[in-house]
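Supplied in structure tokens, the structure appears directly below.
The values are calculated or read from the model by the stated rules, or taken from the named source; none is laboratory data. Here the structure is a predicted model, which is why all the values come from computation and not from measurement. Methodologically, a virtual Cβ is constructed for each residue, glycine included, from the backbone with ideal geometry; neighbour enumeration extends over all protein chains shown. When the accessible area is computed, the model is the full protein with side chains, heavy atoms only, and any ligands, DNA or RNA have been set aside. Shrake-Rupley method; radii C 1.70, N 1.55, O 1.52, S 1.80 Å.
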There are 2 protein chains.
Amino acid sequence: MKASIMTIGTEILVGSIINTHGRYLSQKLSDLGVHVVRHVSVRDDLESMEQALRDELIYADLVIICGGLGPTEDDATKQSVAKVLGRDIYLHEGEYKKLLARFEKNNRAMTANNKHQAEVIDGAELLINHWGIAPGEVLEYENKKLILLPGPPKELEPMVEAYLEDIIHNDSEIIIHSLNVAGLGESRVEDRMRKLNLETSEISLNTFAKFYDTEIKIIAEGKDRLALQNQVDTIVHKLYDAFEGYIYSEGNQSLAETLVDRLRAQHLTISFAESITGGKLASMITAVPHASEVLQESYVTYSNTAKHKILGVDSKTLQTYGAVSQETAEAMVRGLQAITTSTIHVATTGEAGPEPAEKEVGTVYISYGMGDIITTEEHKFNGSRTEIQQRVCDTILLTLILMLRR
Amino acid sequence: MKASIMTIGTEILVGSIINTHGRYLSQKLSDLGVHVVRHVSVRDDLESMEQALRDELIYADLVIICGGLGPTEDDATKQSVAKVLGRDIYLHEGEYKKLLARFEKNNRAMTANNKHQAEVIDGAELLINHWGIAPGEVLEYENKKLILLPGPPKELEPMVEAYLEDIIHNDSEIIIHSLNVAGLGESRVEDRMRKLNLETSEISLNTFAKFYDTEIKIIAEGKDRLALQNQVDTIVHKLYDAFEGYIYSEGNQSLAETLVDRLRAQHLTISFAESITGGKLASMITAVPHASEVLQESYVTYSNTAKHKILGVDSKTLQTYGAVSQETAEAMVRGLQAITTSTIHVATTGEAGPEPAEKEVGTVYISYGMGDIITTEEHKFNGSRTEIQQRVCDTILLTLILMLRR
């Protein structure tokens, strides 16, 4: 089954918001064995929407239209779909009553625009919206399927979780398995992978470059789930052989999730003394469930005073070598070791920009403390202030993951 | 001028990556007065790309194609464009020599695939890529313009900065001005705005709902910049009158940027004692340039031990009321006041989930300390662990911004 995801909204085309529905629905549909062939975003005028829908009905068997079901003037999805399909729109009694009750409960008068939210296209199956007002709709048209969903992610996403699988009824099985490879560039990963000749009619392999690593994604599609799983397992084994030492995690696990897993498995705890990263390292770790098992306390020592007061960094060290120096990074990690009982300590100091203070923007010192062993690295990172901060964090997470390799 | 942004890449359609180019280019093009009418993402096979390009050349005067210029098999943008335009591809001597030199310098053998990166479509103007290997191209075709750009953002974005304005030569002026409104829902903002009847043939107004606030975006397009600016200024005044007390910032300023601005202007400093937010508050502040003027130190006190040891929260308080309680939040902020010289102190404690420990997931206590005045609020947030953490941070930033209203 081929699918197209249409997103309605001028705010996407003027760049006010990013289209997150494309990715979200692509993942959900891929997991259901649906081949997403196009994403299209158009402005919310009737003509653009009608033209786009006519096109997408040529390219896809399933068209999912996101947005344009709300009460404002710009919400014209139903009119355009009804026009293209040659259908009428009627006021749905049940939905209208629910809408009236809602306005009554909130003591607000209902405007004519609001009433449109209770209108439904002839022949549509209704998808009750428990998370907002406008219901979704499923339509059949010339052997094609259309799904209309409300635009706000907090309505669209639970509706997809609740209804999509039942609507699709795909009879082919699909298995997706990812391996994350660090330490080799994407083109070397792809070369080495292609030479293994692992693809079959049922199995495709792709590489996706990320900032620090490359994801190898295995997609298997067929009728027999067990046979597919066996094929995938064999391929995973071959890839582990071919990329020995480079595969650091599987699946959609982020760097932070992988690190928290390894720390938990090895009963280790971690604390940070963050200057350039300003709390980002701690927040990446604490964003992961069960972070409390590995992080108890952490420090943002942004100023020289804080480095001295909290971590006991000698004022002479700060004066002689500067806050952005190997010596300060090392003194920070030693000071951190003195005040916490964690097993692993990391200190960061550097120039995030935009203007340099002591050193060139992008100069960063990272000090790792594991008991008596202290390692301090100098790095040069490119990018904006937040990119530099992100890259420092990713570097540290990946370094620790590789250090804690089982 | 109408533009379409085409993004090439199966990884977008299987949901491996999000299409950030659409938003980035939409913003850049809107600022240059170009009307972006469509975003389209297609898989990287020749047929899909050719069909899509034929369609987009109907809808737009300018088609920007992102990606598919690299060395792998999937990189087929040039072939598909050449086919649709009926042109040949030739090996560009200068680019080929640069490529050879690059491989020589890195002591690597060049493969046949790599050579494709030095190929150019007949009649194209070359856009030198100083940030990667594959050059961009500009093509004229039946009064339409095509721009081919490499897919990696770290190459595409600097190329857009360097070349786009010169390629576009738009002779109409455009002014974009945004006002951010907090404390009213989007539909009330839109109603009130529409009643003012501010739109003209040159000026359009739109509202964009964000999590906590609503952006009113004024887009003015015309020939006379000064006259446009006068119109925009008048509209801004009228909006300030109509939304008195609700407009908290202008432009694309984030909550963190707005807060850092206000703190700097009022010579205030801030420190956090973060439990549920785990460092995110500090990292949001330190992501803003000049954060060092407002944040010197901050603490992640994730465990009970850390709350006691660092902030001096009484063990009895933790035992009697629990870590997630009004009493603990207040004791945290008092402890924070005792150890820092900052003027504003904020403490967070709560249940981020996924499993509840003491209280229901989403229960959060935030304590604000401004000298002797301590205010503690209880909140209930919905969402995933990271959404709850983000919402706590946004709530705190907005609360502080409104507190520091001039």
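Within the range B:362-375, count every residue that is in contact (Cβ under 8 Å) with a residue 40 or more places away in the chain and either surrounded by fewer than 19 Cβ atoms within 10 Å (Cβ to Cβ) or hydrophobic (A, V, I, L, M, F, W, C) (or both).
Of the residues in the range B:362-375, 2 are in contact (Cβ under 8 Å) with a residue 40 or more places away in the chain and either surrounded by fewer than 19 Cβ atoms within 10 Å (Cβ to Cβ) or hydrophobic (A, V, I, L, M, F, W, C) (or both).
Can you confirm whether the range A:302-318 contains a residue that is more than 22 Å from B:E293 (Cβ to Cβ), assigned to a loop (DSSP other than H, G, I, E, B) and either at pLDDT below 95 or among the hydrophobic types (A, V, I, L, M, F, W, C) (or both)? Outline the logic, then answer.
As a first pass, look at the range A:302-318 and keep what is more than 22 Å from B:E293 (Cβ to Cβ): A:312, A:314, A:316-317.
Still in the running and assigned to a loop (DSSP other than H, G, I, E, B): A:312, A:314.
Then keep just the ones that are either at pLDDT below 95 or among the hydrophobic types (A, V, I, L, M, F, W, C) (or both); that gives none.
Scanning the range A:302-318, I find no residue that is more than 22 Å from B:E293 (Cβ to Cβ), assigned to a loop (DSSP other than H, G, I, E, B) and either at pLDDT below 95 or among the hydrophobic types (A, V, I, L, M, F, W, C) (or both), so the answer is no.
Can we say B:Y24 is modelled with pLDDT of 95 or more, of a type in the set (S, T, Y) and more than 15 Å from A:V36 (Cβ to Cβ)? Working first, answer last.
Details: modelled with pLDDT of 95 or more: no; of a type in the set (S, T, Y): yes; more than 15 Å from A:V36 (Cβ to Cβ): yes.
Spelling it out, it is not the case that B:Y24 is modelled with pLDDT of 95 or more, of a type in the set (S, T, Y) and more than 15 Å from A:V36 (Cβ to Cβ).
Listed here are the residues, each with its yes/no results for (1) in contact with a strand residue (DSSP E or B) (Cβ under 6 Å, 6 or more places away or on another chain); (2) at negative phi; (3) hydroxyl-bearing (S, T, Y); (4) at pLDDT 95 or above.
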| position | (1), (2), (3), (4) |
| --- | --- |
| B:F243 | yes, yes, no, no |
| B:G251 | yes, no, no, no |
| B:S254 | no, yes, yes, no |
| B:E274 | yes, yes, no, yes |
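Ok, one more. Among the residues of the range B:29-38, count how many are part of a strand (DSSP E or B) and facing chain A (nearest Cβ under 7 Å).
Just the residues of the range B:29-38 that are part of a strand (DSSP E or B), to begin with: B:35-38.
When the remaining residues are screened for being facing chain A (nearest Cβ under 7 Å), the result is B:36-38.
Summing the residues that are part of a strand (DSSP E or B) and facing chain A (nearest Cβ under 7 Å) in the range B:29-38 gives 3.
Do you know which residues across the range B:71-118 are over 22 Å from A:R188 (Cα atoms), under 34 Å from the mean Cα position of the chain (by Cα) and either of a type in the set (S, T, N, Q) or part of a strand (DSSP E or B) (or both)?
B:Q79, B:S80, listed by residue number.
Condition check ((1) open to solvent by 20 Å² or more (accessible area, probe 1.4 Å); (2) more than 13 Å from every other protein chain (Cβ to nearest Cβ); (3) among the small types (G, A, S)) across all residues:
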residue: B:Q229; (1), (2), (3): yes, yes, no
residue: B:L239; (1), (2), (3): no, yes, no
residue: B:F243; (1), (2), (3): no, yes, no
residue: B:I285; (1), (2), (3): no, no, no
residue: B:L295; (1), (2), (3): no, no, no
residue: B:V300; (1), (2), (3): no, no, no
residue: B:T305; (1), (2), (3): yes, no, no
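Next question. Tell me which of these A:S26 doesn't satisfy, since it passes every other one: (1) more than 14 Å from chain B (Cβ to nearest Cβ); (2) part of a helix (DSSP H, G or I).
It is condition (1) that A:S26 fails.
For the range B:140-157, indicate whether the set of residues that are within 14 Å of another protein chain (Cβ to nearest Cβ), modelled with pLDDT of 90 or more, surrounded by fewer than 16 Cβ atoms within 10 Å (Cβ to Cβ) and assigned to a helix (DSSP H, G or I) is non-empty. If you could, list the steps in order and put the result at the bottom.
Residues of the range B:140-157 that are within 14 Å of another protein chain (Cβ to nearest Cβ), as a first pass: B:150-157.
Still in the list and also modelled with pLDDT of 90 or more: B:150-151, B:155-157.
Still in the list and also surrounded by fewer than 16 Cβ atoms within 10 Å (Cβ to Cβ): none.
Checked the range B:140-157: no residue is within 14 Å of another protein chain (Cβ to nearest Cβ), modelled with pLDDT of 90 or more, surrounded by fewer than 16 Cβ atoms within 10 Å (Cβ to Cβ) and assigned to a helix (DSSP H, G or I).
Which of the residues belonging to the range A:362-398 are more than 11 Å from every other protein chain (Cβ to nearest Cβ), outside any strand (DSSP E or B) and farther than 20 Å from A:Y299 by Cα?
A:G362, A:D372, A:F381, A:L398
Here is a follow-up. Looking only at the range B:189-214, which residues are surrounded by 15 or more Cβ atoms within 10 Å (Cβ to Cβ), within 12 Å of chain A (Cβ to nearest Cβ) and out of contact with any strand residue (DSSP E or B) (no Cβ under 9 Å at 6 or more places or on another chain)?
Correct list: B:D191 only.
Let me ask another. Can you find, within the range A:215-227, the residue that is farthest from A:L404 (Cα to Cα) among those that are among the hydrophobic types (A, V, I, L, M, F, W, C) and surrounded by 12 or more Cβ atoms within 10 Å (Cβ to Cβ)? Let's see the steps before the verdict.
So in the range A:215-227, the residues among the hydrophobic types (A, V, I, L, M, F, W, C) come out as A:216, A:218-220, A:226-227.
Still in the running and surrounded by 12 or more Cβ atoms within 10 Å (Cβ to Cβ): A:216, A:218-220, A:227.
Numbers: A:I216: 22, A:I218: 26, A:I219: 29, A:A220: 31, A:A227: 35 Å.
If we take residues in the range A:215-227 being among the hydrophobic types (A, V, I, L, M, F, W, C) and surrounded by 12 or more Cβ atoms within 10 Å (Cβ to Cβ), then A:A227 is farthest from A:L404 (Cα to Cα).
Does B:E330 meet the test of being of a type in the set (D, E), surrounded by 19 or more Cβ atoms within 10 Å (Cβ to Cβ), at pLDDT 95 or above and more than 30 Å from A:P158 (Cβ to Cβ)? Outline the logic, then answer.
On the way: of a type in the set (D, E): yes; surrounded by 19 or more Cβ atoms within 10 Å (Cβ to Cβ): yes; at pLDDT 95 or above: yes; more than 30 Å from A:P158 (Cβ to Cβ): yes.
Considered against the rule, which asks whether it is of a type in the set (D, E), surrounded by 19 or more Cβ atoms within 10 Å (Cβ to Cβ), at pLDDT 95 or above and more than 30 Å from A:P158 (Cβ to Cβ), B:E330 comes out as yes.
Do any residues in the range A:206-231 that are free of Cβ contacts under 8 Å to residues at least 40 places away in the same chain have Cβ atoms under 6 Å from those of residues that are outside any strand (DSSP E or B), where the two are at least six apart or on different chains, and which pairs are they?
Here the result reads A:T207/A:E186; A:T207/A:V189; A:T207/A:E190; A:F208/B:E11; A:F208/B:S16; A:A209/A:E186; A:T214/A:E186; A:T214/A:V189, each pair linking the range A:206-231 to a residue that is outside any strand (DSSP E or B).
Okay, next question. State whether one or more residues within the range B:166-176 are polar (S, T, N, Q) and either closer than 16 Å to B:L127 by Cα or within 11 Å of chain A (Cβ to nearest Cβ) (or both). Show your work before the answer.
Filtering the range B:166-176 down to residues polar (S, T, N, Q) leaves B:170, B:172.
Filter once more, keeping what is either closer than 16 Å to B:L127 by Cα or within 11 Å of chain A (Cβ to nearest Cβ) (or both): none.
No; the residues of the range B:166-176 include none that is polar (S, T, N, Q) and either closer than 16 Å to B:L127 by Cα or within 11 Å of chain A (Cβ to nearest Cβ) (or both).
Residue check, B:H130 against (1) open to solvent by 50 Å² or more (accessible area, probe 1.4 Å); (2) in a strand (DSSP E or B); (3) not acidic (D, E), all met but one. Which one?
(2)
Just one of the numbered conditions (1) free of Cβ contacts under 8 Å to residues at least 40 places away in the same chain; (2) open to solvent by less than 60 Å² (accessible area, probe 1.4 Å); (3) closer than 24 Å to B:V34 by Cα is not true of B:L99; which one?
(3)
Can I ask one more? Evaluate the following for B:L259: is it open to solvent by 30 Å² or more (accessible area, probe 1.4 Å), outside any strand (DSSP E or B), in contact (Cβ under 8 Å) with a residue 40 or more places away in the chain and under 30 Å from B:V294 (Cα atoms)?
Numbers: open to solvent by 30 Å² or more (accessible area, probe 1.4 Å): no; outside any strand (DSSP E or B): yes; in contact (Cβ under 8 Å) with a residue 40 or more places away in the chain: yes; under 30 Å from B:V294 (Cα atoms): yes.
When the stated conditions are applied, B:L259 does not pass them.
Now for a separate question. With B:I270, B:I339 as the choices, which residue is crowded, with 21+ Cβ neighbours inside 10 Å and aliphatic (A, V, I, L, M)?
Working: B:I339 fails: crowded, with 21+ Cβ neighbours inside 10 Å.
Answer to the selection: B:I270.
Would a scan of the range A:338-357 turn up a residue that is in contact with a strand residue (DSSP E or B) (Cβ under 9 Å, 6 or more places away or on another chain), among the aliphatic types (A, V, I, L, M) and within 12 Å of another protein chain (Cβ to nearest Cβ)?
Yes.
A further question follows. For B:S41, state whether it is under 24 Å from B:K154 (Cβ atoms), more than 9 Å from chain A (Cβ to nearest Cβ), at pLDDT 90 or above and not in a helix (DSSP H, G or I).
On the way: under 24 Å from B:K154 (Cβ atoms): yes; more than 9 Å from chain A (Cβ to nearest Cβ): no; at pLDDT 90 or above: yes; not in a helix (DSSP H, G or I): yes.
It is false that B:S41 is under 24 Å from B:K154 (Cβ atoms), more than 9 Å from chain A (Cβ to nearest Cβ), at pLDDT 90 or above and not in a helix (DSSP H, G or I).
Only one of A:R87, A:R43, A:R38 is closer than 28 Å to B:N252 by Cα and of a type in the set (K, R); which? Quick ask: steps written out before the conclusion?
Details: A:R87 fails: closer than 28 Å to B:N252 by Cα; A:R38 fails: closer than 28 Å to B:N252 by Cα.
None of the others qualify; the one that does is A:R43.
I would also like to ask the following. Within 14 Å of chain B (Cβ to nearest Cβ) and over 24 Å from A:Y163 (Cα atoms): which single residue out of A:I18, A:I64, A:I8 fits that description?
Numbers: A:I64 fails: over 24 Å from A:Y163 (Cα atoms); A:I8 fails: over 24 Å from A:Y163 (Cα atoms).
Just a single option satisfies the conditions, and that option is A:I18.
Here's something else I'd like to know. Within the range B:14-36, can you find the residues that are open to solvent by less than 20 Å² (accessible area, probe 1.4 Å), in contact with a helix residue (DSSP H, G or I) (Cβ under 6 Å, 6 or more places away or on another chain) and at negative phi? It would help to see each step written out before you state the result.
Taking the range B:14-36 first, the residues open to solvent by less than 20 Å² (accessible area, probe 1.4 Å) are B:14-16, B:21-22, B:25-26, B:29-30, B:33-34, B:36.
Applying the additional criterion that residues be in contact with a helix residue (DSSP H, G or I) (Cβ under 6 Å, 6 or more places away or on another chain) yields B:14-15, B:26, B:36.
Selection gives B:V14, B:S26, B:V36.
Could we say that A:L57 is in a helix (DSSP H, G or I), more than 7 Å from chain B (Cβ to nearest Cβ) and either open to solvent by less than 50 Å² (accessible area, probe 1.4 Å) or under 30 Å from B:S254 (Cα atoms) (or both) here?
Here the answer is yes, as A:L57 does meet what is asked.
Determine whether the range B:165-172 contains at least one residue that is open to solvent by less than 20 Å² (accessible area, probe 1.4 Å) and modelled with pLDDT of 95 or more.
no
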